[in-house]
Every structure is written in C-alpha cells, then in structure tokens.
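Asks: Submitted below is the structure of interest, expressed as structure tokens.
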Amino acid sequence: MNKASIAVLAVPLLLAACIAAEKENTECDIESVSLHLDSPTNFFYHEYDTMQAVISTETSVVFTIRSYVDINTVPTTLRVTKGAIVYLVAEDGTKTPFLNGSPVDFSDEAVRLFHVVSQDGAFSRDYKISIVHDKPSDGNLSFDYESYHLDSSGKFYVWDGPDFFNDGTWKNGNPGFKICKSSALPMDYPTTPAVGAGPDGSNCVKLETCDTGPFGRMVNMRLASGSMFNGIFDVSNALTNPLKATLLGSPFTHKPMQLRVWLRYERGSVFQDRNGAVVNDVLDEPDVYVVFYRNEDALGNKIVLDGNDVLTNPNIVGLGRLPHHYNPDGSDQLSNNPIHGVTDQWQEFTIPIVYTEEVDATILENKGYSINFGSASSWQGAFFIGAVGSKLYMDNMRLFCE
C-alpha cells in the first residue's frame, strides 16, 4: 500500500477519534417553553405571551391567561440544552419521555413537573410549568418590605412583591454580588432587610453600595449599588453585559399617577469613578423612579426595557423620579449640589408621574403597557460609579393610579 492510500485511510480514523474524544454535554437546562394555540389572543393578551425564555437561575415557568377564560390541554415545546432528555413526571412520580409538541394538561392551574437529564446522564434538573389566570387589581399598591426570605442557596435575601410581578418577587443585584464575593454573609450583601429601622419602627429595606473585592477589581466592576426593581435579572449576563442582564418592568392595566415613599439616606464619603479613582467635588446620590412604557411595537413585537434605556427608551410614556441634575440629552449629571432633598432623617416623598403622551384605554386593558419601579443607593451604580458605604433606607412605598 502506498503512502497516499495510507493517508486517505488515516483521515476517517482521525475524525472518528476526534468525535469519540468529544465530551458529552453536562448541561440540563430548559432554555424556552412554547405553547401552541390556534387563536392565542383568545387566551393571552399578546401572541408572544405563548413563549417564555427561561434564564439559567429559574426553574419555575408560569404563563398567565385572561381571567375569564379556561385552558385545558396544550401542545407544548421545550428547547433544552444540547443532548438533554426531558421526562414528564406524573403525580405518582412516574417519568415518561417527553416528545416536543405533545399535549400537556394544564387545566385547573395544574403545575406540571418536567425532569431534565444532561446528555452525559450525570446531572438533572426539575422544572415546574403552569398556566394561571390573571388576577386583576384595583391599581393602587402598597409595599412595606416586611415579607422577605433567603434565596434557595441561602446566600442573600429576596422580597415578595405583588402577583403581577414576573414571579411575584422583587429583584435586586444580590445575585451578581454573589459572583464577586461568594464568601459574603447574607447581611453583607448590597440589599438587605433592616429590622426595626423603619420610620414607624417596622422592618424596612436597606440598599448599600458595597465594594466587590479583588474579583470585582479584576473585571473592573469595583462596586455594587444596592437596588430594587421588578423584572428579570439574568445572572448569566451579569459579568459580560450587566446592563442587558436587567430586563425591567411588568405588564400593568392601570395608569399610575403618583408614587409616595419614605426615604432616608446616608452618603458614602469617597466618590469614585469606574476605575476606582477618587472624584473630588461630587456627592453620591440615591435614585428612586417609576417608568410606564408601551411594551409592544407597531408590528406586535415585544418590548422590554433594560439597564441601557430604562429612562430614555422612546416607548416610555410616563416617568416619575426623584429630582436630579440632568444633561440636555437626558443623561445624569454628577454634582456636588444634590437637589432631591433626601437626608439622614426619614421623610415621605411624593413623586408625580409626568406623561408625554395619552394612555390608550384599550391598549391598557389588554396589558399593552408595563410598569417598572427602580431604586438604588448610588444613582450611577449601574455604571459602577458611586461611593462605597452609601445607604438608602426605604419603606412604605405606595402607588396611586387613575
């Protein structure tokens, strides 16, 4: 056999060796869930409500249908990580291989359990999927921050919110801080409960700007502002694109008019830029705002604000915010002369919501607008700018609607 023939035979053997050496995938995640209906808007407010992306930290997927309709068996498709196998788990624990497009009985708001096994068979994960009825509210809301608990890892605190929030909880930047300081105790995180420290002696929430330590300096994210918002925090994006990691807002069927909240602020002493350099003659400031925006474009595409455009997106129709100095382009101007009036003594603040266009009643009724509440101990904290040690205490927030 000549050398050329040997070389030709060696190629498939080499390829086979490479394929054999390729490791099987260890991931066992559901990446998205899609429901297939002939007339989706008979059940959902928007066509895109029939599909949900699932971030890596979530294991519960809840779809919300109109309050006056019922839904039974729905063909369901799950997109999973490469090679993963999905099983539908019956009430008695029996596991049946799940084929995409198969009908799933979601009647009576039943919670269905799906067991996902990685390609290599070494890892598994359970997901709960359900369809629930919308629960209309009268619009006026009150948040006292009394209901909180440690997350599933036991590392940091999360707070319960109203039902219309994405999963019924407030979000904050604590999961991102965990990446930087995994050894931190729960009360060392940027957003923590302050027991008995409220204006009436009740519990309140404390937002504090914290140093992120050696790892934070390595990735040039040197501080973490305490924060509270409603929406989704995708921790998988926290380091690569932190502003995109925060998906902000929840559909809302009332026109908000005014926010009232009790605030107290202790300012950190040294203001620093993103590189950690001291910036003289600049004082750190807190931020509290509410944004009301159109969540669908003219073509019916879903719109969700993120950290880049939460205050500037052209789909915003109403905005209320603590007063600050602003540049003509709408960006925030650093100053040594704060005008918001928040001090180290408790005060109740009234924040009116100013509208730039009329709210369409029909669109409002069909959840075509979303509302986002945001607060931070350093108003430039999203850009890793501020003063370590700044603390914003917040309690008894109330939203009044038309």
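For every residue, the table says whether it meets (1) surrounded by 14 or more Cβ atoms within 10 Å (Cβ to Cβ); (2) more than 30 Å from Asn72 (Cβ to Cβ); (3) at pLDDT 50 or above; (4) assigned by TED's automatic domain parsing to the domain that holds Ala238.
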position: Lys3; (1), (2), (3), (4): no, yes, no, no
position: Leu15; (1), (2), (3), (4): no, yes, no, no
position: Ala21; (1), (2), (3), (4): no, yes, yes, no
position: Ser34; (1), (2), (3), (4): yes, no, yes, no
position: Asp38; (1), (2), (3), (4): no, no, yes, no
position: Asn42; (1), (2), (3), (4): no, no, yes, no
position: Tyr45; (1), (2), (3), (4): yes, no, yes, no
position: Val54; (1), (2), (3), (4): yes, no, yes, no
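Asks: Just checking, does segment 315-323 include any residue being at negative phi, basic (Lys, Arg) and touching a residue at least 40 places away in the same chain (Cβ under 8 Å)?
Replies: Looking through segment 315-323, none of the residues is at negative phi, basic (Lys, Arg) and touching a residue at least 40 places away in the same chain (Cβ under 8 Å).
Asks: Mind listing whichever residues of segment 262-306 are part of a loop (DSSP other than H, G, I, E, B) and surrounded by 21 or more Cβ atoms within 10 Å (Cβ to Cβ)?
Replies: Arg267, Asp284, Glu285, Pro286, Asn295
Asks: While we're on this one: Please determine whether any residue of segment 148-171 is among the small types (Gly, Ala, Ser) and crowded, with 18+ Cβ neighbours inside 10 Å.
Replies: Scanning segment 148-171, I find at least one residue that is among the small types (Gly, Ala, Ser) and crowded, with 18+ Cβ neighbours inside 10 Å, so the answer is yes.
Asks: Same structure, new question: Take the residues of segment 247-260 that are touching a Lys or Arg at 6+ places or on another chain (Cβ under 7 Å) and part of a strand (DSSP E or B): which is surrounded by the fewest Cβ atoms within 10 Å (Cβ to Cβ)?
Replies: Among those residues, the one meeting the criterion is Arg260.
Asks: I'd like the full set of residues that are over 20 Å from Asn100 (Cβ atoms) and out of contact with any Ser or Thr (no Cβ under 7 Å at 6 or more places or on another chain), limited to segment 43-57.
Replies: Phe43, Tyr45, His46, Thr57
Asks: Right, here's the next one. Output the strands (runs of 3 or more DSSP E) that fall wholly within segment 25-98 and possess 1 or more residues being touching a strand residue (DSSP E or B) at 6+ places or on another chain (Cβ under 8 Å), touching a residue at least 12 places away in the same chain (Cβ under 8 Å) and farther than 24 Å from Phe164 by Cβ, or say none.
Replies: Hits in segment 25-98: 30-35, 73-80, 85-89, 95-97.
Asks: Any chance you could count how many residues in segment 216-244 are more than 17 Å from Thr169 (Cβ to Cβ), assigned to a helix (DSSP H, G or I) and touching a residue at least 12 places away in the same chain (Cβ under 8 Å)?
Replies: Within segment 216-244, residues that are more than 17 Å from Thr169 (Cβ to Cβ), assigned to a helix (DSSP H, G or I) and touching a residue at least 12 places away in the same chain (Cβ under 8 Å) number 6.
The values are calculated or read from the model by the stated rules, or taken from the named source; none is laboratory data. All figures in this text were calculated on a predicted structure; none of them were measured in a lab. We place every Cβ from the backbone using ideal geometry, glycine too, and count neighbours over all the protein chains shown.
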